[in-house]
Each structure stands twice: as structure tokens, then as C-alpha cells.
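Asks: Quick one: structure below, then a few questions.
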Amino acid sequence: KQRLAILLSGRGSNMVALVNAVQGGVLNGLAEVAVVFSNKPDAPGLETAAALGCPTASLSSQGRKRDEFDAEVVDLLNQYAPDYLVLAGYMRILSPTFIRAFAGRILNIHPADTHQHQGLHAYEWAFENQLPETKITVHVVDEGLDTGPILAQAPVDLRGANTLHEVERRGLAVEHFIYADTLARLLRSELKVEN
Ligand code: GAR
């Protein structure tokens, strides 16, 4: 089984979908959750992870210099010997040192087409521009902001979505499916990660 470190900063709905997939879905028998880590000790997702039976860890990034903080996180995560780092709403830009420590083994889910929109507020962007469709992207993290090799994309139909809440609701349903599905295909060597 491949060991996953799931990183989050907030609610953790993608983490829940991944843990469910490990415990009784497409990732069952393929992966195990080594740790759920947060840079915010009070993130709701951490408590949810513990309730699901996952090991949890946190280090507060507040007021910390990026390089120093990331070096500590690398050390902490290495104690759990992860094969893959799975970013699930981890709202921090990773330093080059961090990315090199796990090169090609960090995955992210981005709630837009990474060619069209990078960074924060992707659902707001889709809603404000009244897009008829947006995309969810699962990609390998490289040293740019949302620029790494794409592993999978799936469309979200936004026609008739009149509120931001509705845009998010439809998008998250796709996120929760595609992240575990893509990871399962990666772990079965059905996808290639360019390095
Ligand atoms: C998700 O929509 C995820 O795609 C997004 O944050 C949300 C986290 O929700 N990530 C980014 O915008 C990364 N740039 P969750 O905590 O419920 O999984």
C-alpha cells in the first residue's frame, strides 16, 4: 500500500472523500493514510480526520518565514514516510525546497482549468464570468503556481447555477469523485507522472 500524507488548511471535504475511498472505495487496498497534516492547528478538517481514525499533525504557519516553516514540515512529514503528498485545500504556496524534497510526488486539486485560472478564488472567477462550464484539474505540483503536469480534468456544468454556492456545490461533487479516482489510476500505474 502506498502511504498518503493529506495536507489541508480548512474544511477538509476533499480529505473526507479521499479517506472514504481508502476505507471502502476506489483506494481500498491501494493506499493508506499515513497522516493528515495542517498548517492551521484549528482547521476543522483536522478534527474530522481524527474522527475518521486518521493520524493527524499540525504546525502553525502563522507569522513564519516560508523556507523555515517548510523545512520543519518536510521533517515532520518524513517521519510518516509518505509516498505521496496529497494537497486538499492546502492554502500555501510551497517553497522550492519543499517541492524538491518530494519531487513528482505532490498532487494538487485545483477547482478550475489550470491553463485558464491559477491561484485562489477559482469558483468566484467562474461565477463572476458566468462561465457555462468550468473544469476541475488534478495535477502534479511543480515550482510554479498551478503549473504542474495535468493528470486529469473533468468538466462541471454551470448552466443555470445562479449562486456562488451552487457553483461550489456542483464543483465539489466533481472534485470529490475525480481526486480519489485519479489517485487510484496513478497508484495502479495507469497514469504516468512526468518529472
Ligand atoms: C477545494 O475547492 C479545492 O479545490 C480548493 O480549495 C477547496 C478546499 O475545500 N483548492 C484551491 O483553491 C487550491 N488553489 P475542502 O477543504 O473542503 O477540500
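The values are calculated or read from the model by the stated rules, or taken from the named source; none is laboratory data. Note that the structure is a prediction, hence the values are computed from the model and not measured. Heads up, the Cβs are rebuilt from the backbone with ideal geometry, glycines too, and the neighbour counts pull from every protein chain shown. Accessible surface is based on the protein model in full, side chains and every heavy atom, while ligands, DNA and RNA are left aside. Shrake-Rupley method; radii C 1.70, N 1.55, O 1.52, S 1.80 Å.
Asks: Under 7 Å by Cβ, and 6 or more places apart or on different chains, what pairs join a residue from the range 167-195 that is at negative phi and open to solvent by less than 100 Å² (accessible area, probe 1.4 Å) with one that is among the hydroxyl-bearing types (Ser, Thr, Tyr) and not in a helix (DSSP H, G or I)?
Replies: 171/134
Asks: Follow-up. Does residue 117 meet the test of being within 11 Å of the ligand (Cβ to nearest atom), in contact with a Phe, Trp or Tyr (Cβ under 8 Å, 6 or more places away or on another chain) and free of Cβ contacts under 8 Å to residues at least 40 places away in the same chain?
Replies: So residue 117 fits the description; yes.
Asks: A further question follows. So which residues in the range 88-109 are within 15 Å of the chain's Cα centre (by Cα) and open to solvent by less than 10 Å² (accessible area, probe 1.4 Å), if there are any at all?
Replies: If the condition is that a residue be within 15 Å of the chain's Cα centre (by Cα) and open to solvent by less than 10 Å² (accessible area, probe 1.4 Å), then 88, 102, 106, 107 are the ones that fit.
Asks: If I ask for residues that are more than 10 Å from the ligand (Cβ to nearest atom) and within 15 Å of residue 85 (Cα to Cα), which ones from the range 4-23 would you list?
Replies: Listed by number, the residues that qualify are 4, 5, 7, 19, 22.
Asks: Does residue 128 qualify as being without any contact (Cβ under 8 Å) to a residue 12 or more places away in the chain and open to solvent by 60 Å² or more (accessible area, probe 1.4 Å)?
Replies: Considered against the rule, which asks whether it is without any contact (Cβ under 8 Å) to a residue 12 or more places away in the chain and open to solvent by 60 Å² or more (accessible area, probe 1.4 Å), residue 128 comes out as yes.
Asks: Here is a further query. Can you give me the ranges of the helices (runs of 4 or more DSSP H) entirely in the range 82-195 with at least 3 residues that are under 23 Å from residue 23 (Cβ atoms)?
Replies: 164-187
Asks: I would also like to ask the following. List, please: which pairs have Cβ atoms under 7 Å, are six or more places apart or on different chains, and start with a residue in the range 7-18 that is over 24 Å from residue 99 (Cβ atoms) and in a helix (DSSP H, G or I) and end with one that is within 7 Å of the ligand (Cβ to nearest atom) and open to solvent by 20 Å² or more (accessible area, probe 1.4 Å)?
Replies: 13/172
Asks: Would you mention how many residues in the range 86-114 are within 7 Å of the ligand (Cβ to nearest atom) and either free of Cβ contacts under 8 Å to residues at least 40 places away in the same chain or under 13 Å from residue 6 (Cα atoms) (or both)?
Replies: Here the count works out to 6.
Asks: Could you check the range 147-166 and list, in sequence order, the residues that are touching a residue at least 40 places away in the same chain (Cβ under 8 Å) and not small (Gly, Ala, Ser)?
Replies: 149, 151, 153, 164
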